[in-house]
Amino acid sequence: MKLMKVLRSQVGRKVLNGATGLALVGFVVVHLAGNLTLFGPENAFNQYTYQLESLGWILYILEFLLALTFLVHAIVGISIWRKRKRARSDRYDTYQTRGEPAHNTWHARTKAISGIVLFLFLIVHLNDFKFGPVEMITLNGVEVRDLKSLVISTFQNPWHAFGYTAVMLFLAAHLAHGFWSALTSLSMQRRRFSDLFYVFSIFFAILLAIGFLFIPLYIYFTGGEGVLLSTL
């Protein structure tokens, strides 16, 4: 089959890795936007999470597709990394390129490590917030999970607050190169727009990192009672 032949090629894997990577970036942006409702009206975050859970089987399908996308991205990414590593060990003792912009920075060379860290973090994150114990509150006459209180209490623990912060730095490092790689792979414009894509990816990764870092650090340093978390 042509599709399988394409996916076996290095170029085909790069395109698939880029497409799944952009899909995951989209999820991360939406997830951050939802998380920032913590700083909205009193029940905004719990209302947001309740609306998600109310999707029922649609949410399960979306979660399955998200998990599948993550799995494919990880497997393809590791296969690309292993092939490159074998090629370097066979031919070179130092990092070299084929004359095209490669941006072999430290975060590019540690993408596999940052990916593994993010995978392990995902397990902990789901255990803490999706499957963790949480109290129920009444919202508009309906019992809902009080996830806002759970988030605030969790990030008052220094291990969670600073551990989450450290992982978000790994996320920024992963995105800084990964987003550029995805854009160049899918656009097929490595030389013409490579540097522009790379600068954009750096700023994009920094902005996302600031957004995610602000939540645990603000909660921790204000003891969960900061003005942005107060009732409006």
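The values are calculated or read from the model by the stated rules, or taken from the named source; none is laboratory data. Treat the numbers as computed from the prediction; the structure is a model and nothing was measured. For neighbour counting, all protein chains shown are included, and Cβ atoms are generated from backbone atoms with ideal geometry for every residue, glycine included.
One table, with the values for the structure above:
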read-out	value
Odd one out for residue 147, checked against (1) in contact (Cβ under 8 Å) with a residue 40 or more places away in the chain; (2) closer than 18 Å to residue 26 by Cβ	(2)
Tally of residues being within 18 Å of residue 216 (Cβ to Cβ), of a type in the set (Gly, Ala, Ser) and more than 19 Å from the chain's Cα centre (by Cα) across the range 30-52	1
All positions within the range 138-179 that are surrounded by 15 or more Cβ atoms within 10 Å (Cβ to Cβ) and aromatic (Phe, Trp, Tyr)	155, 164, 170, 179
Filter pass, residue 210 being surrounded by fewer than 15 Cβ atoms within 10 Å (Cβ to Cβ), on the phi < 0 side of the Ramachandran plot and among the β-branched types (Val, Ile, Thr)	yes
Output for the range 53-69, where each listed residue is within 19 Å of the chain's Cα centre (by Cα), over 20 Å from residue 184 (Cα atoms) and in contact (Cβ under 8 Å) with a residue 24 or more places away in the chain	66
Positions within the range 121-137 being more than 20 Å from residue 59 (Cα to Cα) and loosely packed, with under 11 Cβ neighbours inside 10 Å, in sequence order	133, 135, 136
Check on residue 196, hydrophobic (A, V, I, L, M, F, W, C) and touching a residue at least 12 places away in the same chain (Cβ under 8 Å)	no
Check on residue 144, outside any helix (DSSP H, G or I), at pLDDT below 85 and in contact with a strand residue (DSSP E or B) (Cβ under 7 Å, 6 or more places away or on another chain)	no
